[in-house]
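The values are calculated or read from the model by the stated rules, or taken from the named source; none is laboratory data. Bear in mind that the values here come from a model prediction, so they are computed numbers and not experimental data. With ideal geometry, Cβ positions are generated from the backbone for all residues, glycine too; neighbour counts draw on all protein chains shown.
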Amino acid sequence: MNLQNKIVAIVGGATGIGKATAEVCAAAGATVIVADFNEVEGRAAAAAVGGSFFAINVADEASVAAAFAAMASRFDRLDALIQTAGILRGAFVPLEEFDLAMFESVLDVNLVGSFLCAKHAVPLLKKAGKGVIVLVSSAAAIGGSSSYAYGASKGGVNALGITLANKLAADNIRVNVVMPGNIDTAMKRSVIQAERERLGVGGEQQRLELGAPIGVGRILAWLASDDADYVRGMIQTR
């Protein structure tokens, strides 16, 4: 995998899968941009790979627009956008108790955030003459989730990715959606802890079976490379 001379923006790159992806992209030669709401860990993640950091709140269009405008002022283009930012709230909350505000807050980050990042990245991708957008969904989109909001939001990301792929093909922008399974991230561990508390039993065996974020990071980085030019649609991983 060669990402030499590629400028790759990783939204949600402060921690978890996004951070791992930044590390793989940098090792493959990319100029890495880390954008995240978490400024402390985001700046540290960017510094660790010799990249640049931009603060962003993906649920707020003004913030997204400002972040990509700042990127445009520093870089002449983007070759790839990898959107990994996401939240999970309401794990195991019964439907009749699920608060609408919580439901909407998850969609605002996971689905609306993916839309806004794509919207504001496309002008920079067009400047490169070709580009890649990789959205991170979840196996929960097709297999169910512990949270009504999370499952719905990730199903929406799948549909958004398909629509973007169809609409942006004429601009030579390839769009893929990656659906990770059980990966060892803080978000996944919080779900395991919630399940342990709900059931009153341990979840240590399940934790041992979680995949490492770097495994998904390698896939996301590869999709950003020219080696993946023939790959279309959605990809499910461990």
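Summary table below
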| read-out | value |
| --- | --- |
| Pairs, first surrounded by 18 or more Cβ atoms within 10 Å (Cβ to Cβ) and modelled with pLDDT of 95 or more in the stretch 125-151, second of a type in the set (Ser, Thr, Tyr) and assigned to a helix (DSSP H, G or I), C-beta under 6 Å, six or more apart | Leu135/Ser114 |
| Among (1) surrounded by fewer than 17 Cβ atoms within 10 Å (Cβ to Cβ); (2) in contact with a Ser or Thr (Cβ under 6 Å, 6 or more places away or on another chain); (3) not basic (Lys, Arg), the one test that Met102 misses | (2) |
| Selected residue [modelled with pLDDT of 95 or more and buried (at least 16 other Cβ atoms within 10 Å of the Cβ)] from Asn158, Asn172, Asn166 | Asn158 |
